[in-house]
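Read through the structure below, which is laid out as structure tokens, and then see the notes.
The values are calculated or read from the model by the stated rules, or taken from the named source; none is laboratory data. Since the structure is predicted, the reported quantities are computational estimates derived from the model, not experimental observations. Every residue, glycine among them, receives a Cβ derived from its backbone with ideal geometry; neighbour counts consider all protein chains shown. These area figures cover heavy atoms from the full protein model, side chains too; ligands, DNA and RNA do not enter into them. Shrake-Rupley method; radii C 1.70, N 1.55, O 1.52, S 1.80 Å.
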Amino acid sequence: MVNQNLYELGTKPSAIRELFEYGKKKAAEIGAENVYDFSIGNPSIPAPECVKEAIIDAVSNMDSISLHGYTSAQGDAATRGAIAEYLNQTYQTNFHADNFYMTCGAAASLCIVFHALTTPEQDEFITIAPFFPEYRVFVENAGAKLVVVSADIPDFQINFAALEAALTPKTKGVIVNSPNNPSGSIYGEETVKKLAALLEKKSAEYGHAIYLIADEPYREIAYDGVEVPYLTKYYKNTLVTYSYSKSLSLPGERIGYVLVPDEAEESREIYAAVCGSGRSLGYVCAPSLFQKVLVKCMGQTGDISEYQKNRDLLYGNLTKMGYECVRPQGAFYLFVKALEPDAAAFCEKAKEKNLLLVAADGFGCPGYVRISYCVDGEMIRRSLPAFEALAAEYK
Ligand code: PLP
């Protein structure tokens, strides 16, 4: 007899993965140029040159044991130190190597943090819709409960009244993701200050810290010069879960980190629990080669202007056709109101036109669909008549 929860997770396909597989099958049938696959958030721009150079340098000049051997459980001190230095220079923070725990990407970082903080069956984590659906899997697997605060439509900023109503003495943390998957919205300084003030007030009222978990794989993907405030500077009990999957276009290499700042309440205890969590989940020692590569790629990204061009192309054309959506400020998703109340039915109609869109029910936002525009711009151009024909069906 296997664990039934895990059996169900393993056999119930994610809607996004299912659509992605369907797209591959359909492309084999009718030609890849006739399928408009907007299902998955796989970066479409190449990793910056520094990645290739750093890999060549590492494999050419390092001895095999240093390169391919185990690193410290929490990651190389040199890598963690380089990240601290980069963040300190960029955001005027005061981090050091021992604030960081290297991981296999943001998914691992989140799992580690939820396990580290949770007293099973007691704690709750709040997230704000629309949210990355895997939060539910990760939080529940840690033995906590995920509480979803409804979206603030139409601009997908924080609905503070709903958030305040959801906070209770059981709240261990609030998860925020800005720039956001799937809405593309960014929380500006005013919002962040208001959030910090609310969490401080409620922490004082409950007599324990409410941690803010800043899930930031899209931090660098922001357009038109919009600033993404660095949350540890506004709220001391912030823990950051970061990943290089999107900024360096390295999702398959599985590299990221957890940041536990000194200012956080019980910082050293949390860091120790993060180490214990990594140990108990079997996540010690993130990929060694990519830890070395990161040191040479601090502050670099792929050519993000390509995503901005895609955003402009898609947003401009879809709004002209009558689709309702908020102009994304960052990440690489367009969040569009379905043209009928049932987003899944709308996505089925889109599928008949070989447009692969994801219904946002799993993101906590029924009636909307997510379009991932980390794709070739040519595919967007080819897809426009299909979007037009789809809209025409509802006129
Ligand atoms: N958090 C968000 C909001 C994401 O969109 C993703 C991936 O798409 C992740 C976490 C997981 O990222 P990683 O590939 O680094 O595990």
| task | Of the numbered conditions (1) surrounded by fewer than 21 Cβ atoms within 10 Å (Cβ to Cβ); (2) farther than 21 Å from residue 25 by Cβ; (3) modelled with pLDDT of 95 or more, residue 352 fails exactly one; give the number of that condition. | result | (2)
| query | Does the stretch 196-211 contain at least one residue that is outside any helix (DSSP H, G or I) and in contact with a Phe, Trp or Tyr (Cβ under 7 Å, 6 or more places away or on another chain)? | reply | no
| said: Taking the condition of being in a loop (DSSP other than H, G, I, E, B), touching a strand residue (DSSP E or B) at 6+ places or on another chain (Cβ under 8 Å) and not charged (D, E, K, R), how many residues in the stretch 305-325 meet it? | reply: 1
| remark: Exactly one of 51, 59 is buried (at least 18 other Cβ atoms within 10 Å of the Cβ) and either farther than 19 Å from residue 352 by Cβ or among the basic types (Lys, Arg) (or both), and that residue is 51
| field | The listed residue being open to solvent by less than 90 Å² (accessible area, probe 1.4 Å), over 27 Å from residue 258 (Cβ atoms), within 16 Å of the ligand (Cβ to nearest atom) and modelled with pLDDT of 95 or more, out of 38, 20 | value | 38
| task | Answer yes or no as to whether residue 308 is closer than 23 Å to residue 177 by Cβ, of a type outside the set (Phe, Trp, Tyr), touching a residue at least 40 places away in the same chain (Cβ under 8 Å) and surrounded by fewer than 21 Cβ atoms within 10 Å (Cβ to Cβ). | result | yes
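Yes or no, residue by residue, for (1) modelled with pLDDT under 95; (2) more than 25 Å from residue 245 (Cα to Cα); (3) among the charged types (D, E, K, R):
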| residue | (1), (2), (3) |
| --- | --- |
| 333 | no, no, no |
| 341 | no, yes, no |
| 344 | no, yes, no |
| 356 | no, no, no |
| 370 | no, no, yes |
| 377 | no, no, no |
| 380 | no, no, no |
| 386 | no, yes, no |
| note | Inside the stretch 79-96, the number of residues satisfying the requirement of being in a helix (DSSP H, G or I), over 22 Å from the mean Cα position of the chain (by Cα) and over 22 Å from residue 277 (Cα atoms) is 4
| said: Anything in the stretch 83-94 that is within 26 Å of residue 282 (Cα to Cα) and either away from the ligand (no atom under 16 Å from the Cβ) or open to solvent by 20 Å² or more (accessible area, probe 1.4 Å) (or both)? List them, or say none. | reply: 84
| Residue list for the stretch 324-349, restricted to those being within 16 Å of the ligand (Cβ to nearest atom) and open to solvent by 10 Å² or more (accessible area, probe 1.4 Å) | 329
| task | Return yes or no: is residue 77 over 30 Å from residue 383 (Cβ atoms) and either crowded, with 16+ Cβ neighbours inside 10 Å or touching a Gly at 6+ places or on another chain (Cβ under 6 Å) (or both)? | result | no
| said: Condition check: more than 20 Å from the chain's Cα centre (by Cα), in contact (Cβ under 8 Å) with a residue 12 or more places away in the chain and closer than 25 Å to residue 42 by Cα. Does residue 215 satisfy that? | reply: no
| request: Among what's in the stretch 236-287 and is among the hydroxyl-bearing types (Ser, Thr, Tyr) and away from the ligand (no atom under 12 Å from the Cβ), pick the residue that is nearest to residue 300 (Cα to Cα). | output: 238
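Going through the stretch 355-395 one residue at a time, which ones are open to solvent by 70 Å² or more (accessible area, probe 1.4 Å) and in a helix (DSSP H, G or I)?
Selection gives 361, 378, 381, 382, 385, 388.
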| Sole exception among (1) open to solvent by less than 20 Å² (accessible area, probe 1.4 Å); (2) out of contact with any helix residue (DSSP H, G or I) (no Cβ under 6 Å at 6 or more places or on another chain) for residue 280, by number | (1)
| request: Just name the residue that is farthest from residue 377 (Cα to Cα) out of those in the stretch 18-71 that are aromatic (Phe, Trp, Tyr) and within 25 Å of the chain's Cα centre (by Cα). | output: 22
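Rundown of residues vs (1) farther than 30 Å from residue 118 by Cα; (2) outside any helix (DSSP H, G or I), yes/no style:
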| residue | (1), (2) |
| --- | --- |
| 283 | no, yes |
| 290 | no, no |
| 293 | yes, no |
| 303 | yes, yes |
| 327 | yes, yes |
| 336 | yes, yes |
| message | Given the condition touching an Asp or Glu at 6+ places or on another chain (Cβ under 8 Å), crowded, with 17+ Cβ neighbours inside 10 Å and assigned to a helix (DSSP H, G or I), answer yes or no: does some residue in the stretch 250-271 qualify? | response | yes
| note | Output for Cβ contacts, cut-off 6 Å, separation at least six or different chains, first residue under 24 Å from residue 180 (Cβ atoms) in the stretch 94-122, second assigned to a helix (DSSP H, G or I) and within 14 Å of the ligand (Cβ to nearest atom), reads 103/109; 110/138; 111/138; 114/138; 114/139
